[in-house]
Structures are given as structure tokens and as C-alpha cells.
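Read-outs throughout are calculated quantities, based only on the coordinates presented, and are distinct from any laboratory measurement. Here the structure is a predicted model, which is why all the values come from computation and not from measurement. Positions of Cβ are generated from backbone atoms using ideal geometry, with glycine treated the same way; all protein chains shown enter the neighbour counts.
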Amino acid sequence: MNALVQLAAEEEQNPLIPPIPELVIGLLAFAIVFFFLWKKLLPNINKVLDERREAIEGGIEKAEAAQQEANDVLQQYKDQLAEARHEAARLRSEAQEQGATLIAEMRAEGQRQRDEIVAAGHTQIEADRKQAAQALRQDVGKLATELAGKLVGESLEDHARQSRTIDRFLDDLEEKAEAGR
Amino acid sequence: MQKELAVSADQMLAFETDCHIFDGCGFPAPGLHSFVFEPLLTVGGFEFNKPMLLALVGTLAIVWFFWAAFNKPQLVPGKLQMVGEAGYDFVRRGVVYENLGKREGEKYVPFVVALFFFVWVMNLWSVIPLAQFPVTSIIAYPMVLALIVYVTWVSLTFKRHGFVGAFKNFTGYDKSLGPVLPLAMLIEFFSNLLVRPFTHAVRLFANMFAGHLLIVMFTIASWYLLNGIGIAYAAVSFVMTIAMVAFELFIQAIQAYVFVLLTCNYIQGALAENH
């Protein structure tokens, strides 16, 4: 009896034919879920997710900026160090150059002074020689005159004659000297 | 009169009867009648039954959950928000972006997310104590969802490609097929526009239907075998009931996933350029 009733009922129930009221309820239920998620809840959470991503990316960006700054500063220091080294090298070579110039200058000065001294010496010697020659000429003249006076017996006190005689003597001497040369 | 009798017969749950094996009464096997319910209340000819109640309560549960999780979201999420985000992100990234891409898919995220959680919760009723009936094993619910998806992707195809383009899209128009082109077009047209929505709905429906039938079968058997030597078999049957419940939990999630995956697939097909 029970089985028969069930069989009869099953003929009416085709599980693939949807009852209209359930279609309506299903549509309504899904529409409610969709509406709330679409209009209110998902935009809410999307906003927060975006904010969070921005916050995280902002942090990363900050870290990157700090890294960049550190790198820049390091580079700057390195540049400065290299510059300082360069400067020092330049100064050293400059000092060397200056030293060399100084030495050369001093050497030149020394040379000049030596030359001056030597020249002064020469001049002095020349002057002395001239003076000596002058003195010698006078002494030799006087001596010769005296000698000649004694020999000749004739006073050659007379100035004019005296000097004429001396000159003639000296000229003779010079001629002899030139001829002997 | 006859129908009412049948309905009251299937309303009689296994443990409400004193019928056991060796008592001279047959096995009260579950069947199609397990999916028909007496109206809980009737308002002006509108019969409000258990699946409808479950559908509405499930709807409220989904909305309540996402309301609690996402209404006032925090930058540093609380527990509920974290769970909600995980679920949302799974569907958004794992299903929508994966199939449609971020640019094209963004528009369909709310639809697919709503679809996934709706289907999943309606499936989940199958193992919730006291309810223990998957709403999606009533063909009307999967059908309505499949219909919404169908309308979505068909209208999208027309919008994207125009009338001729849409026709080519539906029929898989491809000149290189040569003489078999008309036949291929006929098959494609039939497969895409007629079979596709049907299989989309029935795949979900049949899985839930069969799953529920199995659980009910083993549950009734556990009770029915509780007599004499049958007790040993009853124990096995009871273990099977528990195993089937665990298996159903798995199938429910899988079917919800497959349903939205196919949805994305169809939308993707509608967006794709003609070859």
C-alpha cells in the first residue's frame, strides 16, 4: 500500500521540473546576497584593501627612499674622499714643483752671486794691477832717472827733460818688449 | 489525497518508526519523496516549505556574516574580517582574475563572489544539524542561478560582438573547417546555447541530490538494521554516514567552486575575440 502510494506520487514529482515558487524564492535570496555584497560590503572591503596596500607600499617606498638617501650620502662621501685624495696629491706635486723651482732659483741666485763676486774680484785685481803698474812706472822712472843721472852726471832735475827722457826710455822698453814677444 | 499521503509517508523519518530488520517490515528506502516537503505554512495558496526556509535563513546568514566582517573594515583586520577577506580573496584572485584577468574581471567580482558563497551555503545546509537538507538539491535553485549566469553571458556576447559576431561566437564559426562547417556550427550552437545552461544547473543539482540521498540512505539503514545480527551492519552503516558527511563537506565546496569557475569560463568565452 505504502509503496503504491509512493509510486503514484513519484509520477507527479519530476525532480528536473522546477516549481515556480521555489524559482522565485531562489531568485529573491540570491538577489539579496548579491545586492548587499555588490552595493555595500565589497566596496567597503575594497577600499580598506586598497588603503592597506597603499600603507604597505608606502612603507616600502619609505624604506626605498631611506636606502636611496643612504646610498647618495655614501656616494657623496666617497666622492669627497676621492676629491680630498686628489687634492692632496695635487698639493704634494705642487709643493714638489715649487721646491724644485725654489732650488733652481736659489742655484741660479748662487751662480749669479758667485759670478758677481768673481767679476768683482777680477775688477779689483785689474784695478790693483793698474795701480801697481802705475806705481811701478813712477818708481821705475824715478829709479831710472836717478840711475841715469848718476851715470851721465847730468842732472836731469829739469822736469821737462826728465819726463822726455823717461818717456823715451819707456817707449824703448815697450818696443823691446813687443819685439821680444 | 494520494499525494498528501505520499508526502506524509516521506516526512516520517527513519528514527520515528519502530521498523527494524527481522520485524517483518521492508526497508524504508529514501527516494524522490525525500525531496518533497509538506508546506510549513500556507499563505494565500503560497506554500512555504523547508527548502524555502533554509534558502532564506542561508541568505540571512551570508549577509550577516559579510556584514559583520566587512561593514566597518579595519586596516588591521579582526578575526572575522580576516576570514571574510580570505574567502573574498580566494574567489576574486583564484577564480575571477585567474580566468578573466584583473582588467576585464573586476566588473564581475561581486557577482561571482555572491554566487560562490550563495551556492556554498545552500550546499552546506546538507550537513547542518536539524536542517540537513541541501537547498541546491531542489532543481529550482541551481536553475535560477544558471539562468542568471546564462542571461549574463549571452547578453554580454551580443553587447561585445554585435548580432553577427555573437552568432559566430555561439556557433564557433571557423572557415578553415571547410565542408563540415555547417555541422560544426549546428553542434556548437546546440551545445553552447541549449545544453550549457542545462548542464550548468544539473551538475550542481545532481551532485547535491545524490549526496543527500547517500547520507539519508546510510542514516536510515543504521536505524533499520538495529536488530539482532543486523547491529554489526548498523555500526558499519553509521560509520559510512559519518564518512559520507565528511565527503559531502568536500563535495559541497568543490561544487560551489566548479559552479563559479564555469561561470567565469562562460563570461570569458563571451568576452573572447572571434577567431
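Below are the figures for this structure:
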read-out: Quarter of the Cα convex hull surface for region B:48-158, i.e. its orientation-mean projected area (nm²); value: 8.6
read-out: If the convex hull is drawn through the Cα atoms of the protein assembly as shown, its volume per residue in Å³; value: 459
read-out: Charged-residue dipole, Cβ positions (Lys, Arg, Asp, Glu), region B:2-271 about Cα centre, Debye nearest 20; value: 1260
read-out: For region B:128-140, 3J(HN,Hα) per residue [Karplus equation, 6.51 cos²θ - 1.76 cosθ + 1.60, θ = phi - 60°, Hz, x = Gly/Pro]; value: 6, x, 6, 6, 6, 8, x, 4, 6, 7, 9, 4, 4
read-out: Calculated FRET value between residue A:105 and residue A:79, using beta carbons and R₀ = 56 Å, to 0.05; value: 0.90
read-out: Peptide-level mean, for B:111-124, of C-beta atoms on other protein chains within 10 Å; value: 3
read-out: Rg/Rg_ref, region A:43-112, where Rg_ref = 2.2 N^0.38 Å and atoms are Cα; value: 2.68
read-out: Hydrodynamic radius of chain B per Kirkwood, over alpha carbon pairs, in Å; value: 21.6
read-out: log10 of Debye I(q)/I(0), alpha-carbon scatterers only, for region B:121-275 at 0.12, 0.16, 0.20 Å⁻¹; value: -0.64, -0.88, -1.13
read-out: Loop GluC sites (Glu not before Pro), region A:78-181 (other Cβ atoms within 10 Å of the site Cβ: 14 or fewer; DSSP); value: A:154, A:157
read-out: Shape parameters for region A:39-84, alpha-carbon atoms, Rg then Dmax in Å; value: 19.6, 66
read-out: Hydrodynamic radius of region A:20-180 per Kirkwood, over alpha carbon pairs, in Å; value: 28.9
read-out: Sorted by Cβ neighbour density within 10 Å, fewest at the top, the residues B:72, A:40; value: B:72, A:40
read-out: Along principal axes, Cα extents of region B:229-275, largest first, whole Å; value: 66, 15, 8
read-out: Rounded Å value of the spacing that divides the Cα centres of region B:248-274 and region B:168-198; value: 21
read-out: Relative contact order computed over chain B (Cα-Cα under 8 Å; 6+ residues apart), in percent; value: 25
read-out: Distance between modelled label sites at residue A:54 and residue A:66, nm, 7 Å Cα→Cβ extension; value: 2.2
read-out: HN-Hα J in Hz across region B:28-45 - Karplus 6.51, -1.76, 1.60, θ = phi - 60°, x for Gly and Pro; value: x, 4, x, x, 4, 5, 5, 10, 10, 10, 6, x, 6, 8, 10, 10, x, x
read-out: Cysteines having no other Cys beta carbon under 4.7 Å from their own, within the protein assembly as shown; value: B:264
read-out: MRE, 222 nm, helices only [DSSP H, n ≥ 4, -39500 (n - 2.57), over chain B, to nearest 500]; value: -22000 deg cm²/dmol
read-out: Neighbouring partner chain Cβ atoms per residue of B:22-31, average, 10 Å criterion; value: 1
